[in-house]
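Undergrad: Let me give you the structure first, and then I'll get to my questions.
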Amino acid sequence: MARYEIHGGTPLNGTVTISGAKNAAVAILPAALLVRGTCRIENVPDISDVRILLDILEGMGAKVSRPEPGVVEIDSSGEIDTQPEDTLVKKMRASYYLMGALLGRYGKAHVALPGGCNFASRPIDQHIKGFEMLGADVDYTSNYVEMKPGEFGLQGSRINLDVVSVGATINIMIAAALIPGQTIIDNAAKEPHIVDLANFLNTMGARISGAGTDTVKIRGVESLHGGTYAIIPDQIEAGTYMAAVAATGGNVLVQNVIPKHMECITGKLQEMGVRIIPYDDAIRVQSTGKLRHTTVKTRPYPGFPTDMQAQICVCMSRASGYSRLTESVYETRFFGYCTELQSMGANIQINNKTATVIGVDKLYGANVAAHDLRAGAALVIAGLVAEGTTNVENIHFVERGYENLIGKLTALGAEIRRLED
Ligand code: UD1
């Protein structure tokens, strides 16, 4: 079992470079299955979710190579197996995008239900509804999703999502790119990686408009061609480093970011008393010594991301007074890390969807375990803040989404190492 050992109490200083966005990469890589030609994809993060996905694509018959660090080339011109290997599919959440990709390319798919972070019940009914509206005959069991064209074949359609779902919006966009006719997704999610996926597919010849608004329109095309595309920087990785600087103190230039994507996070950190200076593609985060309490409610983009809930909770633990943190996307998300933070001395009271966080003078090192990716990142931040030594276990969760976490934090002055027991 691997763990992080952290000696806390050192402020972070220096420069950190943000990697390509995990949630964009895990959508764009399966979408490359639609393309008859070579996709050169740049700024791909080297994280375990990406490695698993590339293994899956290779196993399905795509030619995958990594000609240089951060670059992946995928050639899906040959025959592609419509039944990816179950054990790999179950290792991660975003493998469900293989459903949309296979439906779009072949009109059929047999894909096991995904695994990944289970910080809440994570239904896929809106994905299934979308596939059915596109004309698929869907057999959805507790183990897999199997699809074939329905009686009237596959055809573009108007789909109104009952909940704003990132995954359903992406899966429908991927499938509809090659399905004849126009598909309109109403009540679509607007996250930056949705725009990134649309830009990738359009670079390869798709006709998608409206990504980043409530209504996405996809005009199905006959085929997609190869091309080169660079993935956007990771909003949540950047936010995690910003929260770490806020919590530990210090002064860090976070570079390779899109400041517009960070506004909901920078706004909250400014409210808490952190000095933020945005540049064209970087943000300086400077501690002013003390953190003030604040109120945060997570919401779909452009609101405060649920994937930053746990990290901001650590900042609140170090802030003066009572902060309020309300989760409106995944209600049970607090349970993945609050008990661990409490064992480090944090004062957090949870009442349904809202946590009241009462700032404390100190956090103390402890042995804690990550229960999901972002919870793990928050525990690392808590360890950096805490007096004494913290051991974070279950770090495979963290390694799913943070490229070179140890190297980046060490370069900022943190005392953290990865140990294999
Ligand atoms: C994506 C992100 C994840 C982030 C989440 C919310 C990826 C790979 N993962 O997850 O990091 O935490 O967005 O920003 O991009 N829902 C349904 N039915 C569905 C789909 C979703 O009821 O068919 C509900 C969910 O339970 C949740 C809400 O909709 O309450 C949002 O979920 P969704 O946006 O789909 O999250 P994911 O795409 O799984």
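Read the figures in this text as sums done on the coordinates, not as results from a lab. All values reported here derive from a predicted model rather than from experimental measurement. Quick reminder, even Gly has a Cβ in these numbers, built from the backbone with ideal geometry, and neighbours come from all protein chains shown.
Undergrad: Near the amide H of M92, under 5 Å away, which other amide H atoms are found, from residues 5 or more places off or on another chain, if H is placed in the peptide plane?
TA: HN-HN under 5 Å from M92: G115, G116.
Undergrad: Quick one: work out the % antiparallel among DSSP beta bridges in the chain, nearest 5.
TA: In the chain, approximately 70 percent of DSSP beta bridges are antiparallel ones.
Undergrad: Can you list residues whose amide H is under 5 Å from I159's amide H, if they're 5+ apart or on another chain and H is modeled 1.01 Å from N?
TA: Amide H neighbours of I159, under 5 Å, 5+ apart: I184, I185, D186.
Undergrad: Related question: Can you tally the lysine pairs in segment 22-230 where the Cα-Cα distance is under 26 Å and the two residues are eight or more apart, or on different chains?
TA: For segment 22-230, the number of qualifying lysine pairs is 24.
Undergrad: With a cut-off of at most 13 other beta carbons within 10 Å, and DSSP calling the residue loop, which GluC sites (Glu not before Pro) in segment 117-164 qualify? Please list them.
TA: Answer in residue order: E151.
Undergrad: Now for a separate question. Hey, what do the phi angles of segment 224-231 turn into as Karplus ³J(HN,Hα) couplings, whole Hz, using 6.51/-1.76/1.60 and θ = phi - 60°, x for Gly and Pro?
TA: 10, 10, x, x, 10, 8, 10, 6
Undergrad: Given an 8 Å cut-off on Cα distances and at least 6 residues of separation, report the relative contact order of the chain as a percent.
TA: Relative contact order here is 21 percent.
Undergrad: Just to be sure I understand the model, the point goes 7 Å from the Cα along the line to the Cβ. What's the resulting L419 to Q182 distance in nm?
TA: For L419 paired with Q182, the spin-label model returns 6.2 nm.
Undergrad: If Lys and Arg each add +1 and Asp and Glu each add -1, what is the summed charge of the other residues whose beta carbon sits under 15 Å from the beta carbon of G407?
TA: Result for the neighbourhood of G407: -2.
Undergrad: Within segment 12-46, find all residues whose amide N lies under 17 Å from a label point positioned 7 Å from the Cα of S223 along Cα-to-beta-carbon.
TA: The answer is 32-39, whose backbone nitrogens lie closer than 17 Å to the label point.
Undergrad: Something else about it: Per the Kirkwood definition applied to all pairs of different Cα atoms, how many angstroms is the hydrodynamic radius of segment 22-230?
TA: When all Cα pairs of segment 22-230 are included, the Kirkwood radius is 16.5 Å.
Undergrad: Would you please state the base-10 log of I(q)/I(0) at q = 0.06, 0.09, 0.12 1/Å for the chain, with intensities from the Debye formula using one equal scatterer on every alpha carbon?
TA: The computed values of log10 I(q)/I(0) come out as -0.24, -0.54, -0.94.
Undergrad: May I pose another question? With θ set to phi - 60° and the Karplus curve 6.51 cos²θ - 1.76 cosθ + 1.60, what are the ³J(HN,Hα) couplings of segment 13-27 in order, to the nearest whole Hz, using x for Gly and Pro?
TA: Using θ = phi - 60°, the values come out as 9, x, 10, 10, 9, 7, 8, x, 6, 4, 6, 7, 4, 6, 8 Hz.
Undergrad: Work through the residues other than V254 whose Cβ is under 12 Å from its Cβ and net out their charges, Lys, Arg +1 and Asp, Glu -1.
TA: Local charge sum for V254: -1.
Undergrad: Along its principal axes, what span do the Cα atoms of segment 285-421 show, with the longest given first and each in whole Å?
TA: 37, 30, 28
Undergrad: List the relative contact order of segment 22-230 as a percent without decimals, with contacts defined as Cα pairs under 8 Å and 6+ residues apart.
TA: Once normalised by length, the contact order is 21 percent.
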